[in-house]
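Here is the structure we will look at.
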Amino acid sequence: MTSEDYFTYKGILFPKQEIKEEALRYVENEFQVRDDDVFNITYPKSGTNWMSEILGLIRNDGDPSWVRNVPVFERSPWIDTDQGLETALKNPPPRLISCHFPFQLFPKSFLSSKAKVIYTLRNPKDVLVSHYHFSKIFKLWKNFGTLEELLKEFLSGNVPSGSWFDHVKGWLQMKDRDNVFVMTYEELQQDLRGSVKRICHFLGKELNDQQIDSVVENASFQKMKDNKMSNLTIVKEAYIDHKKGKFMRKGISGDWKNHLTVAQSELFDRVYQENMRGVIMTFPWD
Ligand code: PPS
């Protein structure tokens, strides 16, 4: 994977093998968002698949058969990939849809719809570390030799989906809308049950205690790691080199402490503070 395998659309890097420019233009301008759509939106490596599992389980009142029998990329297809877009256009409503689009590339028709958006964000230092490991197995992303090399590109936004800071700031501008809900990976970690209840409330879905228990149990790291419909082991070798590592890697918060040097962490903090100035929100990692 080299830089020639990416193209830039409106300043954002996309892997050529994943999506074509005309599809990006279609999604932004012509994709018809339905009022009953539920969107699972994240910056990459922030908990997308975890949220897909949670939403899939909630949709089925905690019954795990759907998430155990249908691959995650069919249940909640990624409309920022050619294949996922095709699937999303075929799936019957009500649809679950995932994507990593920054707000400015998201379908314009969303703004006049009642569709629901759940935006999940994660400590960007952990996002960086997760990206680093995933780039070693995901053949469509540039594989960085060292974390130091990736760090520079990440902090300047020269990675797929662009700058973490711009992505987060763009989506947080939507946070006061009734149909937008912001969640963090860390909240899911700290209190999965409470988080599931809040998501249910946002979706207008009432589950009883037993059903919530089942969502929590089946969305655990271990259950997802063992579920071949969720752990991405069925993704073709053309995309993921399964011999080199696992998508379901560690699933913890704070792994950055095992990877970043003090100097790297301080550099990160400086760039974070410069970029997040003016964002009046506290995050679990602050
Ligand atoms: S992707 O490739 O952008 O769609 O990746 P994404 O799903 O957003 O993020 C992958 C990371 O989420 C972790 N993960 C989980 N953590 C805790 N619990 C559960 N159930 C869970 N499911 C996925 C996954 O392990 C990746 O994080 P790291 O830090 O690499 O382990």
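Quick note: the coordinates plus some simple rules give every number you see, no bench work behind them. From a predicted model like this one, the values you see are computed outputs, not experimental measurements. Because the Cβ atoms are built from the backbone with ideal geometry, glycine has one as well, and the counts that use them run over all protein chains shown.
Dividing the convex hull volume of the alpha carbon atoms of the chain by its residue count, what do you get in Å³ per residue?
On the way: hull volume 35.7 nm³, N = 286.
Dividing the Cα hull volume of the chain by its residues yields 125 Å³.
Please tell me which of these pairs span more than 24 angstrom C-alpha to C-alpha: Lys116/Lys246; Lys20/Lys125; Lys169/Lys246; Lys136/Lys236; Lys197/Lys246?
Among Lys116/Lys246; Lys20/Lys125; Lys169/Lys246; Lys136/Lys236; Lys197/Lys246, the Cα-Cα distance tops 24 Å for Lys116/Lys246; Lys20/Lys125; Lys169/Lys246; Lys197/Lys246.
What is the spin-label model distance, in nm, from Asp209 to Asp176 if the labels are put 7 Å beyond Cα along the C-beta direction?
A separation of 3.8 nm, rounded to one decimal place.
Tell me which of Gly84, Ser265, Leu147 sits at the most positive position along the dipole axis of the chain, charges placed on C-beta atoms (Lys, Arg +1; Asp, Glu -1).
Among Gly84, Ser265, Leu147, the one farthest towards the positive end of the dipole of the chain is Leu147.
To check you understand DSSP bridge types, tell me what percent of the beta bridges within the chain (both residues inside) are antiparallel, rounded to 5.
Antiparallel bridges make up about 25 percent of those DSSP assigns within the chain.
Would you mind checking the pairs Lys205/Lys244; Lys175/Lys250; Lys175/Lys228; Lys16/Lys250; Lys16/Lys205 and listing those with alpha carbons more than 31 angstrom apart?
Cα-Cα > 31 Å for Lys205/Lys244; Lys175/Lys228; Lys16/Lys205; rest within.
Do you know the relative contact order of the chain, to the nearest whole percent, from alpha carbon pairs under 8 angstrom that are 6+ apart? List each step's numbers first, then the result.
On the way: 415 pairs, mean separation 71.0, N = 286.
Relative contact order here is 25 percent.
Find how much the distance from Ser109 to Glu22 grows on full extension, using 0.36 nm per residue of separation minus their present alpha carbon separation; answer in nm with one decimal.
Gain on extension, Ser109 to Glu22, equals 29.6 nm.
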